[in-house]
Amino acid sequence: MICDDIESFARAVPRLGALAGLDLGTKTIGVAVSDTMQSVASPLHTIKRSKFTQDAAALRQALDGRAVAGLVLGLPRNMDGTEGPRCQSTRAFARNFAALWDGPIAFWDERLSTVAAERALLEADTSRARRAEVIDHVAAGYILQGALDRLRHIRGAA
């Protein structure tokens with residue numbers, strides 16, 4: 001089930017249960033997960049991309065082992081808010097993955113998430129080689145944390 005907005009995702013996903021965040025790149029997929037209370041996102045790992053079937057199998061393995069209740073995909077909008085080819089690719093991935101996975105899927109504007117992740121890694125004095133290894137799943141953590149914060153706000157207002 002693909003949710004059109006974060007509000008419908010808030011209604012579709014249980015209040016308890018881990019959520020996963022994805023930073024879909026052309027070469028890698030960064031994966032982050034939350035705690036079951038849906039308060040803190042933690043970077044998990046990076047999946048090297050190949051074909052969709054292999055990517056989906058690796059992702060399913062990561063999700064199934066953690067009893068993930070919902071999925072948040074970073075939507076790479078242009079800086080002016082428009083959607084380009086990368087957004088189309090992300091939406092296609094979501095449609096294809098929704099056929100293989102029963103949980104709700106939402107999109108989260110990921111503009112500047114990689115920049116924020118890079119800045120945090122630089123502040124932590126992470127080496128260039130290590131930053132290259134972890135940047136994608138750290139960015140996924142930023143994407144997921146943004147969605148978690150919004151969910152908490154929506155649910156607190158309800």
> Could you count how many residues in region 60-82 are more than 19 Å from ALA12 (Cβ to Cβ) and under 12 Å from the mean Cα position of the chain (by Cα)?
Replying inline: 1
> Taking region 7-44 as the region of interest, how many residues are in contact with a strand residue (DSSP E or B) (Cβ under 6 Å, 6 or more places away or on another chain) and either farther than 17 Å from GLY146 by Cβ or part of a helix (DSSP H, G or I) (or both)?
Replying inline: 6
> From the list LEU75, LEU100, LEU22, which residue is exposed (fewer than 13 other Cβ atoms within 10 Å of the Cβ) and either within 23 Å of HIS153 (Cα to Cα) or modelled with pLDDT of 90 or more (or both)?
Replying inline: LEU100
> Give me the pairs: first residue in region 127-155 and of a type outside the set (A, V, I, L, M), second residue crowded, with 23+ Cβ neighbours inside 10 Å and modelled with pLDDT under 65, beta-carbon distance under 7 Å, and six or more apart or on different chains, which are they?
Replying inline: TYR142/SER113; TYR142/ALA117
> Which pairs do you get when a residue that is under 13 Å from LEU22 (Cα atoms), found in region 87-103, comes within reach of a residue that is in a helix (DSSP H, G or I) and of a type in the set (Phe, Trp, Tyr), reach meaning Cβ atoms under 9 angstrom, with the pair 6+ apart or on two chains?
Replying inline: PHE93/PHE52; PHE97/PHE52
> For LEU63, which of the numbered conditions (1) at pLDDT 90 or above; (2) assigned to a helix (DSSP H, G or I) fails to hold?
Replying inline: (1)
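The values are calculated or read from the model by the stated rules, or taken from the named source; none is laboratory data. What you are looking at is a predicted structure, and each value in this text was computed from that prediction instead of being measured. In this analysis, Cβ positions are derived from the backbone assuming ideal geometry, glycine residues included, and neighbour counts consider all displayed protein chains.
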